[in-house]
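Visitor: This is the structure I have questions about; it appears just below.
The values are calculated or read from the model by the stated rules, or taken from the named source; none is laboratory data. Quick caveat, the model's predicted, so the values are computed rather than measured. Cβ atoms come from the backbone with ideal geometry, glycine included; neighbour counts cover every protein chain shown. Only protein heavy atoms, including side chains, enter the accessible area calculation; ligands, DNA and RNA are left aside. Shrake-Rupley method; radii C 1.70, N 1.55, O 1.52, S 1.80 Å.
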Amino acid sequence: MKRSLAHPPMPDTSLATSVQRGLWLRWTLVGLLAGAVLLAASSIALMAQEEEPPPLANREYPIKAAYLYQFGRYIEWPARTFPNAKAPFVIGVLEGDPTLPDLDRIAQSKTIQNRPIEIRRFPTPRAMQACHILFLPGSVPPESQSEVVRRLTGRGGLLVGESDDFLDLGGTIRFTVENNKVRIQVARKAAQREGLIISAKLLQVAHVVD
Amino acid sequence: MMGDRWAGDGSRMAAALIGAILISLAAHVSVGQQTSADQTASPPQVDKPTDAKDILNLDLEQLANTPVTVPAGTSMAAEVTSVSRTAEPIARTPAAVYVVTNEMIRRCGARNVPEVLRTVPGVDVAQINASTWAISIRGFNGRFANKLLVQIDGVAIYSPLHSGVFWERDPVMLEDVERIEVIRGPGGSLWGNNAVNGVINIITKSSKDTKGVYADVGGGTEHRQFSNLRVGGQSGDVAYRVWGSNADDNCGYVPNPGDRAVDSYRYAQGGFRADWTPTREDTITCQGDFVDGRSGYQGYTAMMEQFTPSDFSRRTLMSRWAHQTDPDTDWAVQAYYYEPYGDSEQVRECNTNFDVDFQYHAKRNRHDIVWGCGYRNDNEELLFNLTSGGWQPPSPGITNLDTEKIPSYFFQDTITLVEDRLFFTAGSKFDHNNITNFEYQPSAKLAYTPDERTSWWGAITRAVRTPSLKERANTHEDLDSETLLSYEIGYRRQATERCFWELAVFYNRYNNLIATATMSAQGYANVGDADTYGFEYNTTYQVAPGWRLTGSYSFFIECLTVPMPYMYEFPAGANPRNMFYFQSGWDLGHDVTFDLMFRYVDSLAMGVQKYFVGDIRVAWRPTRRFEMSVVGQNLFDGRHYEFYDALGVKATEVKPGVYGMVSWRY
């Protein structure tokens, strides 16, 4: 089955003299040039104003705050950590921690296991007390970290940290940043020691260390 | 007269440009005082949050996959799925890829996919007549441009008879398109045969994102009438939608007295989609649609000629199961049935395609691996009514016309050589088809991202195009596949927070191109060679919160050789050397948006003149639910041909047109 190739329609070229073609071409070039100049000029002008490189949005803190909230949803705490049915779920952080604004936002609009969320701020690591979730950022010096972990082990709280040896110290969950993403490592034995039951959903997403 | 027309149009064009510049300056002043409402044109984004508040609402798997640092408000972080069959940010993609989002589709005033593709850098869109299009990337354009793979939600829309796309048979309801990903360059490694010069992936929204009612209705001079209606909802774990659509397009223009334009196009279409998430890890999708329409693809009839239009219809049913085992592992299996049917006075074509595809994706240490396998069965039935003997099948002695059976498998590994900096990708697709037997399509690619604002990439790829049924039926020897060896290099830069640009350069070497000797009885043979090269540049510049500029320029050179007496069916000169596109979008006050677009396409050596046209869209959206718009298309240059008569389809001139539209959302 062959289809013959029809020749193309010949556009009416008899009247397109070089004068008219030149006019058309000239306007096309003017148009293109004007467009290009406009684009180039405005980009150069505005680039000159913005000397700094573009701000990089760093979402590390809201991501960590969101993780802390999710831990509350996928872990069961021993009953003794809640004095009564209305007792709040307590997340403890150091004063001035950059995750605080996001944690406050979460506390305002969400609940954990139907309990209100309370964000407790501590002035120093030494002042830290047992909370359902306690977060020790990597900026805390190693001696203070091990002091807190030693003091609060066995109180039924989830200890979350970032430093390289946090799990060796006895912590339960550790944040790492891999490939530009925040991931978590979980020490199951530490969780068992505290009486925490971690749901399979959370273990699936985490890198289980023991 | 032609001369007067050019002079008149030239000055009108200049006036339009000067007007545009003045308007833009005025808008810049007024827009500077506007706060961005939800109309703000935002950079292309897929549904990943960039807002801190959105992050607080993510669940565990999403948190594990949210990038920590991204350049603020940009296109580099946008994710594409077409290059590696899995989601990856554009910054790391070793391919020339462009994403058209739903918002961009709305703002450009397009009523069908070919009109949307006019805005994509490097895509050559030529409207042959009101019902047929010639669309290609990097050369070889024609009515059935055979080096482009087009898919709608994974269903390849493609006629094995011609190795090409009948664009008119597969209209898409644009409102429910989430995005269109266009890859320029060979995608053969992952998507299989005929993705030689490019891949166009049309991805529709999940039913979860189309709940509620959407309705629109409109009409005008060229798009005479159209309407769309969609109803979506959710019941338990199942989200679903049902939709219907219709359109009626006017004929093009024929200049010769006595000729009558008959290329009108109309269709009615309906479909459904359901997405079921029985567990957190699984999503099962089922969708289908049917279309019924009539096209006068003949274009025009000369005096005394009879004309009967051609009817077409198509049914598609697709089902897909995607499973996310953990943040680093997922797999998906998909099956579809695609059945187009065409009926004209002389040819009846019924085509049934069945395809099953499986892919598995795993990230382990420094390797990001995707592999899969599939099977396609294409069955073609043709009847001819050329002689007085009524409807007859093709003459006996034509072998292998009926069915293609193609098992295939592919494998690709992206290795992180230097964390966050250097990525090497190697892979290949293999298939055994009953035409050319074994085909392999390997590729090697490198992506280098020295920082979050810059990326370099390079690729060397081999791709093949298997001969079409028509070619195989008309040859005196076994036909081999056409082959391509492609060398590409590209650069992307987020220069400032508001300005993004990218450049892709390529050199393609083709061998065994199929050509035909019409003068003798020899038919088709693999006798041709070609070298093509060129580059595409595009940029986006967000001048102010309510003013955005987009521009692109592409350059293309081809050197085709073929020995006498053979000639190509897609002659040299069917592709423009230069193409230019410019769009300025403003969010003016009072819920009004205004978009002005210019397109320039160079002349075709086959005798089609260059053209420089503009499109304008003005829209008013007083509430979230209601929008009115007026769109002018193909303005400022009068009537013009975009292509020439090809393969029995006669070209008519594209006319400037205007349409108005009203839409409601609940």
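Visitor: Between residue A:150 and residue B:364, what FRET efficiency follows from the Cβ-Cβ distance if R0 is 35 Å, with the result rounded to 0.05?
Guide: Plugging the Cβ-Cβ distance into 1/(1 + (r/R0)^6) gives 0.45.
Visitor: What distance in nm separates the two pseudo spin-label positions at residue B:304 and residue B:281, each 7 Å out from Cα along the beta-carbon direction?
Guide: Distance between the two pseudo-spin positions: 7.4 nm.
Visitor: From a point 7 Å beyond the Cα of residue B:383 in the direction of its Cβ, which residues of the stretch B:301-324 have a backbone N at a distance under 19 Å?
Guide: B:308-315
Visitor: Okay, which of the stretch B:626-666 sit inside 19 Å, backbone N to the point 7 Å along the Cα-Cβ direction of residue B:217?
Guide: B:626-631, B:659-666
Visitor: Now for a separate question. List, by residue number, every residue in the stretch A:165-210 with a reduction of 30 Å² or greater in accessible area between the chain on its own and the complete protein assembly, 1.4 Å probe.
Guide: A:179, A:180, A:181, A:183, A:201, A:204, A:205
Visitor: For chain B, list log₁₀ I(q)/I(0) at each q in 0.05, 0.06, 0.08 Å⁻¹, using the Debye formula over Cα point scatterers of equal strength and ignoring solvent, two decimals each.
Guide: -0.22, -0.32, -0.59
Visitor: Using only the Cα atoms of the stretch B:437-497, construct the convex hull and provide its projected area averaged over every direction, in square nanometres to one decimal. Write down the numbers at each step before the final one.
Guide: Working: hull surface 25.5 nm².
Projected area, direction-averaged: 6.4 nm².
Visitor: Using the heavy atoms of the protein chains alone and a 1.4 angstrom probe, what is the accessible area of the stretch B:228-327 per residue in square angstrom?
Guide: Using a 1.4 Å probe on heavy atoms only, each residue of the stretch B:228-327 averages 48 Å².
Visitor: Hey, another quick one. Which of the three applies to the stretch B:408-530, rounded, prolate or oblate, going by the alpha-carbon gyration tensor with a ≥ b ≥ c and a/c under 1.5 meaning rounded?
Guide: prolate
Visitor: Which of the trypsin sites (Lys or Arg not before Pro) across the stretch B:577-651 are loop residues per DSSP, with 10 or fewer other Cβ within 10 Å?
Guide: Taking the stretch B:577-651 and a limit of 10 other Cβ atoms within 10 Å, the loop trypsin sites (Lys or Arg not before Pro) found are B:624.
Visitor: Could you tell me the distance between the Cα centroids of the stretch A:71-94 and the stretch B:619-666, to the nearest Å?
Guide: Between the Cα centres of the stretch A:71-94 and the stretch B:619-666 lies a distance of 60 Å.
Visitor: What's the longest bit of chain B with no exposed GluC sites (Glu not before Pro), using DSSP loop states and at most 16 other Cβ atoms within 10 Å as the test? It would help to have the intermediate numbers written out before the result.
Guide: Values: sites that count: B:281, B:305, B:345, B:419, B:477.
By the stated rule (loop sites, at most 16 other Cβ atoms within 10 Å), B:1-280.
Visitor: Here's another thing I want to ask about it. Need the full-extension length gain, residue B:354 to residue B:422, defined as separation in residues times 0.36 nm minus the C-alpha distance. One decimal, nm. Intermediate results must be reported in sequence, preceding the final value.
Guide: On the way: separation 68, 0.36 × 68 = 24.48 nm, distance 3.92 nm.
Length difference between fully extended and current span is 20.6 nm.
Visitor: Comparing the chain by itself with all protein chains present, which residues of the stretch B:561-598 are at least 10 Å² less accessible (probe 1.4 Å)?
Guide: The answer is B:567, B:569, B:580, B:582 - residues whose exposure falls by at least 10 Å² when every protein chain is included.
Visitor: Please list, or write none, the lysines whose alpha carbon is within less than 19 Å of the alpha carbon of residue A:64, excluding same-chain residues fewer than 8 places away.
Guide: Leaving aside lysines fewer than 8 places away in the same chain, those within reach of residue A:64 are A:110, A:181, A:201, B:48, B:53.
Visitor: Turning to a different aspect of this structure: Take the Cβ-Cβ distance between residue B:61 and residue B:511 as r, set R0 to 51 Å, and report the resulting FRET efficiency rounded to the nearest 0.05.
Guide: 0.65
Visitor: Applying 1/(1 + (r/R0)^6) with R0 = 60 Å to the Cβ-Cβ distance of residue A:80 and residue B:625, what FRET efficiency is obtained, to the nearest 0.05? If you can, show how the numbers build up before the last one.
Guide: Details: r = 53 Å, r/R0 = 0.88.
My answer for the efficiency is 0.70.
Visitor: With each label point set 7 Å from Cα along the Cα-Cβ vector, what nm distance links residue B:666 and residue A:197?
Guide: 4.6
Visitor: Sticking with this one: Over all alpha-carbon pairs of the stretch B:280-396, lay out the pair-distance distribution in 5 Å bins, whole %, shortest bin first.
Guide: The percentages, shortest bin first, are 2, 9, 13, 13, 13, 11, 9, 8, 7, 6, 5, 3, 1, 1, 0.
Visitor: When the expected Rg is taken as 2.2 N^0.38 Å, what fraction or multiple of it is the alpha-carbon Rg of the stretch B:102-190?
Guide: Numbers: Rg = 12.6 Å, N = 89, 2.2 N^0.38 = 12.1 Å.
In units of the 2.2 N^0.38 Å rule of thumb, it is 1.04.
Visitor: Please work out the C-alpha center-to-center distance from the stretch B:260-332 to the stretch B:87-103 and express it in whole Å.
Guide: Centre-to-centre (Cα) distance: 24 Å.
Visitor: Sticking with this structure for a sec: Whole number in Å², please: accessible area per residue of the stretch B:489-548, 1.4 Å probe, ligands, DNA and RNA not counted.
Guide: Normalised by residue count, the accessible surface of the stretch B:489-548 is 34 Å².
Visitor: May I ask for the percentage of alpha-carbon pairs in the stretch B:589-663 that lie more than 20 Å from each other?
Guide: Here the tail beyond 20 Å accounts for 47 percent of pairs.
Visitor: Looking at the P(r) of the stretch A:91-200, how many percent of alpha-carbon pairs lie beyond 22 Å?
Guide: Tail of the P(r) past 22 Å holds 31 percent of the pairs.
Visitor: If you don't mind, another one. Distance check, please: which entries in B:470/B:610; B:208/B:363; B:405/B:470; B:610/B:650 exceed 22 angstrom between their Cα atoms?
Guide: B:470/B:610; B:208/B:363
Visitor: In whole percent, how big is the carbon plus sulfur part of the accessible area of the stretch B:75-128, probe 1.4 Å, protein atoms only?
Guide: Ligands and nucleic acids excluded, carbon and sulfur reach 51 percent.
Visitor: How much length would be gained if the chain were fully extended between residue B:590 and residue B:403, taking 0.36 nm per residue of separation minus their Cα-Cα distance, in nm to one decimal?
Guide: Stretched fully, the residue B:590-residue B:403 segment lengthens by 61.5 nm.
Visitor: With a 1.4 Å probe and every protein chain left in place, work out the accessible area per residue of the stretch A:79-146 in Å², rounded to a whole number.
Guide: 51
Visitor: Here's a follow-up. Could you compute how much accessible area chains A and B hide from each other, both sides summed, with a 1.4 Å probe? Nearest 100 Å² is fine.
Guide: 6500
Visitor: If you roll a 1.4 Å probe over the stretch B:222-379 with all protein chains in place, what percent of the accessible area is carbon or sulfur?
Guide: Of all accessible area on the stretch B:222-379, carbon and sulfur atoms account for 55 percent.
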